[in-house]
Amino acid sequence: MNLSTQNSNAVTWAACVDPNRQTNTLVIISDHTKGLYEDKWHGNVLHYTGMGKSGDQDINFMQNRTLAKSKTNGVDVHLFEVLTASQYIYKGKVELFDEPYTETQKGEDGIPRSVWMFPVRVLLEDAPVDEEVIKEYEKEKRQQAQRLSMDDLKQRAKDSQSKIASTRKMKSTTYVRDAFVSEYVKRRADGKCQLCKEPAPFMDNVGNPYLESHHIVWLSKGGEDTIKNSVALCPNCHRKMHILDDNEDVEKLISVSVQD
């Protein structure tokens, strides 16, 4: 495959068809680490932003035309995706799933303009993306959002909102927790969160105080699924531990668990 590349701020296009028909392959790269465009997945269909960084995009401009005509021009289209910088994930061969359409986005100069969106579908079963990669991508996006002023954040939120939520198929490792350990530590807590010491916020559907089992040293970090590594927390404290995992709180929970 003899490919030449041309970069845009949103995506990298590698291409394509030359006048002598020496190659009939178009490689498109959806790079989510760059901030100008945000391609979105709806199931196994990627709504992919066209080429052109400022001003209204032209569907007949370079690779836009090739992709728009790919159902009839004999060009094979292959998709790569970037969720963390410089890590390219090959998604497979794709085809144009529906007619290209336009929407309004800001260009590199900050001025709203019309861009072309290409709905492309992965032909074979789309390989799931590792859950940790998605988490890292979401973390970076949260950090970008936190750096914006309130006015800029409101505008960005209005610009990016979609009636259809973006979906991804993820590959994850699931730990099968010991039900007896989980039930025991919740009963041991006697209806009170073992971190904030407040009563459970509500009763579950069979009338028991609602608490959640938490591993002090997370299973994903090598923690044991034992009663000495488990405590019962209210939903608020449980979420706090998974977001902050504060050392002081960890020490409190260790002191509670070792009393058994």
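The values are calculated or read from the model by the stated rules, or taken from the named source; none is laboratory data. Because the structure is predicted, anything quoted here is derived from the model rather than measured. Cβ atoms come from the backbone with ideal geometry, glycine included; neighbour counts cover every protein chain shown. Each accessible area value is taken on the protein alone, full model and side chains, heavy atoms only, with ligands, DNA and RNA left out. Shrake-Rupley method; radii C 1.70, N 1.55, O 1.52, S 1.80 Å.
So the values come out like this:
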read-out	value
Heavy-atom accessible area order for Leu153, Leu244, largest first, 1.4 Å probe	Leu244, Leu153
Accessible surface, 1.4 Å probe, highest first, among residues Cys237, Cys196	Cys196, Cys237
Computed E for Ser54/Leu244 - FRET, C-beta separation, R0 45 angstrom, nearest 0.05	0.60
Listed residues Ala157, Ala200, Ala145, most fluctuating in the chain (Gaussian network, C-alpha, under 10 Å)	Ala200
Which of Lys139, Lys154, Lys186, Lys91 is most accessible, then next, and so on - probe 1.4 Å	Lys154, Lys139, Lys186, Lys91
Calculated P(r) tail over 17 Å for region 26-134, as whole % of Cα pairs	53 percent
Cut-off 14 Å, label 7 Å out along Cα→Cβ of Lys139, residues of region 224-244 by amide N	242-244
Thr72 accessible area, assembled protein chains, probe 1.4 Å, Å²	120 Å²
Principal axis dimensions, region 170-260 - Cα atoms, whole angstrom, descending	34, 30, 24
Sequence-distant aspartates and glutamates (8 or more away, or on other chains) whose Cα lies within less than 13 Å of Lys71	Glu95, Asp98, Glu99
Relative contact order, percent, the chain [alpha-carbon distance under 8 Å, six or more residues apart]	13 percent
